[in-house]
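Accompanying notes for the structure given below.
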Amino acid sequence: MKLGAQLYTVRAFTKTPEDIEKTLRKIKSMGFDVIQISGFGPMDPHKLGELVHELGLDVCITHSSYDRITGDLDNLMEEHRMMGCDSIGIGSMPQKFRGSAEGTEAFIKEMSPIAKKLADAGMSLGYHNHNFEFMRYDGRLLMDRLIEDTPKEFGFILDTYWLQAGGVTPSDYIRRVAGRMKVCHFKDMQIVPNEEGKASQLFTEVGEGNLNLASCIKACIESGVQYIVIEQDVCPGDPFDSLAVSYKNLKKLAADAGAL
């Protein structure tokens, strides 16, 4: 299993081509060989492809926009091939599909043929969850519809934090998508007091919070996950520092679980 960085974590430093190059070189110097591209500003795809190959970075998957996936798929596929990446991720279903069983089914109907087209081309689609997919309509969780009502080619990028925030056990859902998930997002959750003296949940570095990530690694091994990437939506300070802490902790967790 390979460990990497979800670069949405450092999105504030990937707005221009110059910033993107500087960030990729810094990520490489930190010891990362695997990245997920997400939150990048515009950059010539040929130059981006040349840069990741020069640095020896394995782009395991991306987060690409719904509009490009549904309206410009052939060009998007070619851009991924330039980077040596065979997996296209979508960060979430658009707002217009949320909030009802009918909306989720409409999203499934639209995305399923795309997933099959990608599979026919030797590529894959991955859907990244948040917690709204765990709302229940007509007796079923929206997430269960995404798993049960889609073809096997419809893949997932499950997120440990958002699974926990959705009220389910993360390792259980990792096992439910066995064989359909190439990349899993690892992020941790801490509980802290808020201004009212009650508890709030916050993002924190991997291994510094309350999630049972050891059980998630075990589930990833059993489910055929190839990559675990670190993501932290909000960092208390320098996000590169947070990535470094998470990487150190994740390597130990993965080694203890026999994943490396």
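Identify the residue in the range 111-125 that is surrounded by fewer than 15 Cβ atoms within 10 Å (Cβ to Cβ) and touching a residue at least 12 places away in the same chain (Cβ under 8 Å) and, among all such residues, is farthest from residue 184 (Cα to Cα). Taking the candidates together, the pick is 121.
On the stretch given as the range 216-258, residues that are among the aliphatic types (A, V, I, L, M) and buried (at least 19 other Cβ atoms within 10 Å of the Cβ) total 10. Within the set 102, 79, the sole residue that is over 19 Å from residue 41 (Cα atoms) and either surrounded by fewer than 16 Cβ atoms within 10 Å (Cβ to Cβ) or out of contact with any strand residue (DSSP E or B) (no Cβ under 6 Å at 6 or more places or on another chain) (or both) turns out to be 102. Looking at residue 213, is it on the phi < 0 side of the Ramachandran plot, surrounded by 14 or more Cβ atoms within 10 Å (Cβ to Cβ) and in contact with an Asp or Glu (Cβ under 9 Å, 6 or more places away or on another chain)? Judged against the criteria, residue 213 is a match. Taking the range 212-242, which residues are over 24 Å from residue 38 (Cα atoms) and either among the acidic types (Asp, Glu) or part of a loop (DSSP other than H, G, I, E, B) (or both)? Matches in the range 212-242: 212, 222. If you go through the range 140-156 and keep only what is more than 19 Å from residue 97 (Cα to Cα) and out of contact with any helix residue (DSSP H, G or I) (no Cβ under 6 Å at 6 or more places or on another chain), you end up with just 152.
Checking the stated criteria, residue 207 turns out not to satisfy the condition of being of a type outside the set (Val, Ile, Thr), surrounded by 15 or more Cβ atoms within 10 Å (Cβ to Cβ), at pLDDT 95 or above and assigned to a strand (DSSP E or B).
Of the helices (runs of 4 or more DSSP H) contained entirely in the range 138-190, those carrying at least 1 residues that are touching a Leu at 6+ places or on another chain (Cβ under 8 Å) and modelled with pLDDT of 95 or more fall at 160-165, 170-176.
Annotation note: Cβ proximity below 7 Å between a residue of the range 144-161 that is in contact (Cβ under 8 Å) with a residue 12 or more places away in the chain and within 14 Å of residue 180 (Cα to Cα) and a residue that is small (Gly, Ala, Ser) and surrounded by fewer than 20 Cβ atoms within 10 Å (Cβ to Cβ) (sequence gap 6+ or interchain) occurs for 150/112; 151/112; 153/119; 154/112. Residue pairs whose Cβ atoms lie under 8 Å apart, separated by 6 or more positions or on different chains, with the first residue in the range 193-220 and basic (Lys, Arg) and the second buried (at least 16 other Cβ atoms within 10 Å of the Cβ), are 218/171; 218/257. One residue alone among 188, 138 is surrounded by fewer than 20 Cβ atoms within 10 Å (Cβ to Cβ) and of a type in the set (Asp, Glu), and that residue is 138.
Every residue in the range 115-130 that is touching a strand residue (DSSP E or B) at 6+ places or on another chain (Cβ under 7 Å) and over 28 Å from residue 232 (Cα atoms), please.
So in the range 115-130, the residues touching a strand residue (DSSP E or B) at 6+ places or on another chain (Cβ under 7 Å) come out as 115, 118, 123-129.
Selection gives 118 alone.
Each residue in the range 25-37 was checked for being out of contact with any Gly (no Cβ under 7 Å at 6 or more places or on another chain) and closer than 19 Å to residue 87 by Cα, and 1 of them qualify. Restricting the first member to the range 41-67 and to residues that are in contact (Cβ under 8 Å) with a residue 40 or more places away in the chain, and the second to residues that are surrounded by fewer than 16 Cβ atoms within 10 Å (Cβ to Cβ), the beta-carbon pairs closer than 8 Å and six or more apart or on different chains are 58/33; 58/84; 60/226.
Please find, within the range 82-104, the residue that is nearest to residue 119 (Cα to Cα) out of those that are touching a residue at least 12 places away in the same chain (Cβ under 8 Å) and of a type in the set (S, T, N, Q). It comes out as 87.
The values are calculated or read from the model by the stated rules, or taken from the named source; none is laboratory data. Model, not experiment: these values are computed from the prediction. Because the Cβ atoms are built from the backbone with ideal geometry, glycine has one as well, and the counts that use them run over all protein chains shown.
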